[in-house]
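Chemist: This is the structure I have questions about; it appears just below.
The values are calculated or read from the model by the stated rules, or taken from the named source; none is laboratory data. Quick caveat, the model's predicted, so the values are computed rather than measured. FYI the Cβ positions are ideal-geometry reconstructions off the backbone, even for glycines, and counts take in every protein chain you see. The protein model used for the area step is the full one, side chains on, heavy atoms only, and it has no ligands, DNA or RNA in it. Shrake-Rupley method; radii C 1.70, N 1.55, O 1.52, S 1.80 Å.
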Amino acid sequence: MKIINARKEDASLIARSVMAGVGAEICNDLAGANHTLDDVERLFTELAEREDSQYSYLNTLVAVNDEGKAVGACICYDGAKLHELRKPFFEAVMRILDKDMTDVQDETDPLEVYLDTLAVLPEYRKQGIASALLKASIEKARKIGKPAGLLVEKENHNARRLYESLGFKKVGERPFAYVMMDHLRCD
């Protein structure tokens, strides 16, 4: 297994990773009564194929197995660029899902590299892939000259243990999709 920069053809994995990362409840809320989870997946796939989106393959590291198959992803980007990177998301959500989400609060801190999404395909979990993706993302942040930051649900103890084992510490709280989460940072 190795960690590489994502390729455009990894867009479907990136989309599924985002959906896994935000969870079923948020995905169902995005779909609403008039759309399906397939529509939500199409939204995130389209955004992952773009070069100017927060979910772009250009902002993603993937773990590939020995056969070259992408089995996990971590999306991370400079938090100071959130507003420009999020514009395509707002436009696509309106176009594909008929939803105006421009009132959503910023989940990032401009002083850090934001680890937006981390996901590993279920059949590849418990093999150290998430740790490897996080370590590579922390290194990417260091090269940019900023600490790595992320949000975690207050009750997600497994994820919190993983993050803390790699040096993340709670520095406050921040909202994500209208839900308050713990804000962790690794300097």
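Chemist: For the chain, what log10 I(q)/I(0) values come out of the Debye formula at q = 0.10, 0.14, 0.16, 0.18 1/Å, with one point per alpha carbon and no solvent?
Modeler: With one equal scatterer per Cα and no solvent, log10 I(q)/I(0) is -0.36, -0.74, -0.99, -1.29.
Chemist: Tell me the label-point distance for the pair SER165, MET180, using the 7 Å Cα-to-Cβ offset, in nm and rounded to one decimal.
Modeler: 3.0
Chemist: Something else: Quick check on my link table: of LYS69/LYS169; LYS2/LYS87; LYS8/LYS146; LYS69/LYS99; LYS140/LYS169, which ones sit more than 29 Å apart, alpha carbon to alpha carbon?
Modeler: Numbers: LYS69/LYS169 32 Å; LYS2/LYS87 32 Å; LYS8/LYS146 26 Å; LYS69/LYS99 34 Å; LYS140/LYS169 18 Å.
Check vs 29 Å cut-off fails for LYS69/LYS169; LYS2/LYS87; LYS69/LYS99.
Chemist: Given the rule -39500 (n - 2.57) for each run of at least 4 DSSP H residues, summed and divided by the residues of the chain, what is its mean residue ellipticity at 222 nm, to the nearest 500 deg cm²/dmol? Each step should come with its number before you reach the end.
Modeler: Working: 6 runs with 74 residues, N = 187.
Value at 222 nm, helices only, nearest 500: -12500 deg cm²/dmol.
Chemist: Accessible area per residue for the chain in Å², computed with a 1.4 Å probe and the full protein assembly in place, what is it? Intermediate results must be reported in sequence, preceding the final value.
Modeler: Values: 9400 Å² over 187 residues.
With all protein chains present, the chain gives 50 Å² per residue.
Chemist: With a cut-off of 8 Å between alpha carbons and a minimum separation of six or more residues, what is the relative contact order of the chain in percent? Present the calculation step by step, with values, prior to reporting the outcome.
Modeler: Numbers: 343 pairs, mean separation 37.0, N = 187.
Rounded, it is 20 percent for the chain.
Chemist: Something else now. Any idea what the relative contact order of the stretch 85-187 is, in percent, if you count C-alpha pairs under 8 Å spaced at least 6 apart? Could you put the intermediate results ahead of the total?
Modeler: Working: 125 pairs, mean separation 27.6, N = 103.
Relative contact order comes out at 27 percent.
Chemist: A further question on this structure: Note down the relative contact order for the stretch 34-95 as a percent, whole number, built from C-alpha pairs under 8 angstrom at least six residues apart.
Modeler: Details: 56 pairs, mean separation 18.1, N = 62.
Over the stretch 34-95, the number comes to 29 percent.
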